[in-house]
1. Taking the Cα centre of the chain as origin, work out the dipole magnitude from +1 charges on Lys and Arg Cβ and -1 charges on Asp and Glu Cβ, in debye rounded to 20.
2. Along the principal axes of its C-alpha atoms, what lengths does segment 369-448 span, in descending order and rounded to whole Å?
3. Could you please report the charge total around PRO41, scoring K, R as +1 and D, E as -1 over all other residues with beta-carbon less than 12 angstrom from its beta-carbon?
4. Under 21 Å between alpha carbons, and skipping anything fewer than 8 positions from LYS425 in its own chain: which lysines qualify?
5. Limiting things to C-alpha atoms, what are the Rg and the maximum Cα-Cα separation (Dmax) for segment 412-451, in angstroms?
6. From the C-alpha coordinates alone, can you work out the Kirkwood hydrodynamic radius of the chain, in Å?
7. For helix 61-77, what angle does its Cα long axis make with the longest principal axis of the chain, in degrees from 0 to 90 and rounded to 10?
8. Under a no-solvent Debye model with one identical scatterer per Cα of segment 308-422, what's log10 I(q)/I(0) at q = 0.16 Å⁻¹?
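The values are calculated or read from the model by the stated rules, or taken from the named source; none is laboratory data. Computed from a predicted model, the values in this text were never measured in an experiment. In this analysis, Cβ positions are derived from the backbone assuming ideal geometry, glycine residues included, and neighbour counts consider all displayed protein chains. The area values use the complete protein model at the heavy-atom level, side chains included, leaving out ligands, DNA and RNA. Shrake-Rupley method; radii C 1.70, N 1.55, O 1.52, S 1.80 Å.
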Amino acid sequence: MAEAIQAYGAAISAAERQSERGVLAESLRRLGVVHHLRDQPGLARELCQRSYQTATSMSDSVLAAEALNALAGFDFEAGLIPEAREKFYQALELGVASAELRGRTEQNLGILANIQGALTEALAHYRQSLVAFQSIGDDRGCAIAYHNLGMVSSDRELWDDADRYFRQSLDIAQAIGDVHLQGLGLLNHAEVHLARQRYDDARLNAEAALGIFDRLDSRLDKADAYKVIGRVYRETGRHALAEARLRDAVAMAVSTGSVLSEAEASRELALLYQGTGRNQEALRFLNSAHRLFGRLDARVDLVDVSTKVLKLEETYFAVVRDWGQSIESSDSYTYGHCERVASYSVALARELGLDEGQQTAIRIGAYLHDLGKVRVPHEILNKPTALTPEEFGVIQMHPIWGLELLATVEFPWDIKPIIRWHHEKYDGSGYPDRLRGDEIPVSAQIICIVDVYDALTTTRSYRGAMSHPEALGKMQEVRGWWRPDVYQAFMRTVAQVSSPRAA
Ligand SMILES: [Fe+2]
Ligand SMILES: [Fe+2]
């Protein structure tokens, strides 16, 4: 780089002496890009600005557009997305005479739209990029455009289009001998095969890609190939192989420092563990994926981070919901207890003005609140007559056992206080720690009141269901169990939306 800086500097001096403005504009921009790579953003920008002014003064609109394209790239990497978009559009307008520049600029606009989740817009830009590259017979440009079109079509679940685009990209990549692009095309096409349940094609593609990445010694790409192969094994019920491949994928992603690859492989591993009933491990890997997705930088990873986080949270809810429901079957609760507690508790949390993070904690806490009941003997849980003090003592252990089951799980939200204290009462008469008043977190109080309401209004082993007014009357008698604002908010919201259920 030092030599490049020296040579461009010499070119600039010579061009200035001989008034070669075209060479000057070109050299200024190139020197700017080198300084950008050397992490000198101020100098990089200044040089590209000068390049733009020089090009404009000689009315060379293509060189001016090249300078704008470079400046837009700097904005993009600095996170100035609207500024970047505006400059890319200006470059597009000015550089209309150069199809090659148009191809690159449209491609950049496509990437920009993609990371913001604007897939239709991204598709349109990639199409324009393809048209530009086709017009000048730029094969490599075309292959990249087809590949990007395949990726967006796949994200939009337009499988036929994705199939076609990946095939076209692959054909060209093969013809021009671009091995890396070939590997990427094979691997991303494998994901389409997987989505369409063409498992053999998916595995063959991913293994061919793995072979290529192995020869190129590209560890990051290998991690992604292992991930896809692991998914194929998982979907076809070969769990041991799936686990081995997905663990390879996580380990290799860690060794290359790729946050995105590690996060995605962790999520896939979590889904495998969920499917095989290893819930603690599933949650451990989901938590790790959640933490990693939180660290993603859309500009570096070229992905739409918010959609990824949203999808992960959906997976998260699905895992804890399944786990919660598996407890219901052994308990005397009627079907749907966890789901009802979750939705009423979130409504109540919203009424109390709790933020999104607290609402998420409450939803997950609601699904898992009675996890510890798996350790309570079936005869005690379903006893049709009154419990002895010893039996009640066993029941009272379930909040503590719940925490024991989750001892190895580090949640990104504050779930554990909900599980431990959802039977504590404001007047100090609850269990297991006999907390009182504001010692009890509001999230635990919310689950507590909704849990009591749902217990009263559903049939239990020892009594029938109460009607909605009967239950509210009963709760009025013991309103000292809850923080006054929680009780009042419950009466304003949940008690009004929930209708009486038949026994
Ligand atoms: Fe409970
Ligand atoms: Fe419960």
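1. On the way: 55 positive and 69 negative charges, 147 e Å.
Using only the charged Cβ atoms, the result is roughly 700 debye.
2. 37, 32, 17
3. Here the count lands on -2.
4. LYS373, LYS416, LYS474
5. For segment 412-451, the Cα-based Rg and Dmax read 9.2, 30 Å.
6. About 26.8 Å for the chain.
7. The angle comes out at about 30 degrees.
8. -0.77
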